[in-house]
Amino acid sequence: MITTALVLSVIAELAGYLLWIKFTKENKQRLRDFTSAFMFLIALLILYQIFKLNLDFGLILAIATLFSAFSWALGKWINLEELKKESKSYFFILLAITCIRSFAYEPYQIPSRSMVPGLQVGDFVLVNKFAYGIKFPGTNILLSNLISPERNDVSVFIAPHTLCDYDPLKARPDISSLSTAESQLFLNKFSNLQKSRCTPLGIKFVKRVIGVPGDVVEIKGYEIWVNGDKLKHKLLSSESGENLIEETLDEGIHVIRTLGFSDYEQYQWKVPEGSYLAIGDNRDNSLDSRAWGYFSEDYLVGRADYIWMHWESFSKLPSFSRNKRIQ
């Protein structure tokens with residue numbers, strides 16, 4: 001998970017930090033400025049490696065906040081006014097960002113078309129981090145009671161097949177209720193997905209919660225029954241094989257997209273305790289519970305509440321025309 005390049009970059013940054021203190025105390029302005037530039041470049045390299053390795057940015061922010069507090073205390077101890085002043089300003093900025101991102105709202109960019117038409121590639125959404133209970137930054141440790149997701153929530157979570165050490169039997173604990181052929185098909189599919197997509201910390205997915213613990217969910221083509229009640233569908237448009245359908249789940253109304261590829265697929269689940277069934281609104285182009293089973297409450301990240309910006313690519317300007325509450 002932690003590469004040699006990242007370790008060496010952090011060591012180089014710490015070395016630069018110590019040199020900056022040395023040159024500042026000795027009043028060697030040119031060497032201090034050179035060291036500051038060096039540290040800035042190394043910091044950019046560290047950030048690049050953090051994003052490349054998919055490390056939890058909330059945890060990185062928490063570490064940076066603690067280090068700035070340590071640096072502030074060090075500045076007081078060695079009586080270095082420049083270090084004390086710089087560290088103090090960074091500490092309060094990082095503390096504010098860490099608290100907002102960890103306990104209030106975290107920005108998340110939609111990476112795929114699995115939630116079309118409601119969420120488009122390039123949408124930036126605000127993920128409500130306290131919707132399901134507050135966690136310690138960068139971990140799955142709850143600091144408050146768990147608040148269970150509800151049906152129709154658009155939840156952000158770590159998908160089980162994206163964790164390299166995740167047991168497929170935890171993703172489908174009711175596998176014994178399946179036929180031998182169905183259970184073997186699921187295990188093979190999960191294993192192949194895990195080999196091709198897993199990372200040590202997993203990957204965040206955004207899907208709609210269809211089933212909560214205790215629910216019996218049945219799918220036949222595009223028709224869904226939850227605890228024996230069939231979800232209401234209303235055709236909105238049909239063009240070139242693409243259908244937009246208004247779907248009602250409990251009191252929530254949202255729009256799904258179908259292309260006619262899943263007309264004959266059939267699934268049945270009884271959702272176990274601590275697990276949730278999640279499906280994408282783009283029913284024919286979504287890697288979801290139909291492929292990898294249930295996601296665990298232990299890997300909940302938050303609830304996607306708002307679209308606050310749309311930025312499809314660097315070649316286009318950001319747009320705020322899609323700003324809205326997520327249905």
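Of note:
- Scanning region 11-30 for residues that are hydrophobic (A, V, I, L, M, F, W, C) and surrounded by 15 or more Cβ atoms within 10 Å (Cβ to Cβ) turns up A12, L19, W20, I21, F23.
- Candidates I224, I253, filtered to the one that is of a type in the set (V, I, T), in a strand (DSSP E or B) and touching a residue at least 60 places away in the same chain (Cβ under 8 Å): I253
- Some residue of region 160-174 being β-branched (V, I, T), within 26 Å of G118 (Cβ to Cβ) and assigned by TED's automatic domain parsing to the domain that holds N285: yes
- Residue match in region 117-127 (condition: without any contact (Cβ under 8 Å) to a residue 12 or more places away in the chain, outside the structural domain of S9 (by TED's automatic domain parsing) and in a loop (DSSP other than H, G, I, E, B)): no
- Residue in region 195-205 that is buried (at least 16 other Cβ atoms within 10 Å of the Cβ), within 23 Å of Q327 (Cα to Cα) and out of contact with any Lys or Arg (no Cβ under 8 Å at 6 or more places or on another chain) present: yes
- Figure legend. Inter-residue proximity from region 1-29: first residues free of Cβ contacts under 8 Å to residues at least 60 places away in the same chain, second residues part of a loop (DSSP other than H, G, I, E, B) and among the acidic types (D, E), beta-carbon distance below 6 Å, spacing 6+ or different chains. No pairs are indicated.
- Residue check for D305: out of contact with any Asp or Glu (no Cβ under 6 Å at 6 or more places or on another chain), without any contact (Cβ under 8 Å) to a residue 60 or more places away in the chain and surrounded by 14 or more Cβ atoms within 10 Å (Cβ to Cβ): no
- The condition of being more than 16 Å from L277 (Cα to Cα) and in contact with a strand residue (DSSP E or B) (Cβ under 9 Å, 6 or more places away or on another chain) holds for only one of I158, I141, that being I141.
- Within region 100-116, considering residues that are outside any helix (DSSP H, G or I) and either among the aromatic types (F, W, Y) or loosely packed, with under 15 Cβ neighbours inside 10 Å (or both), the one modelled with the highest pLDDT: Y105
Matching residues to (1) assigned by TED's automatic domain parsing to the domain that holds S183; (2) surrounded by fewer than 19 Cβ atoms within 10 Å (Cβ to Cβ); (3) touching a strand residue (DSSP E or B) at 6+ places or on another chain (Cβ under 9 Å):
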residue	(1), (2), (3)
T248	yes, yes, yes
T258	yes, no, yes
V271	yes, no, yes
D281	yes, no, yes
S289	yes, no, yes
L317	yes, yes, no
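- Residues located in region 202-220, provided they are over 23 Å from L119 (Cβ atoms) and not in a strand (DSSP E or B): P213, G214, D215
- Only one of F190, F130 that is out of contact with any Cys (no Cβ under 8 Å at 6 or more places or on another chain) and assigned to a loop (DSSP other than H, G, I, E, B): F130
- Looking only at residues of region 213-235 that are surrounded by 18 or more Cβ atoms within 10 Å (Cβ to Cβ) and touching a Phe, Trp or Tyr at 6+ places or on another chain (Cβ under 6 Å), we find that the one that is nearest to I256 (Cα to Cα) is I219.
The values are calculated or read from the model by the stated rules, or taken from the named source; none is laboratory data. Bear in mind that the values here come from a model prediction, so they are computed numbers and not experimental data. Counting neighbours? That spans all protein chains shown, and the Cβs are built from the backbone with ideal geometry, glycine included.
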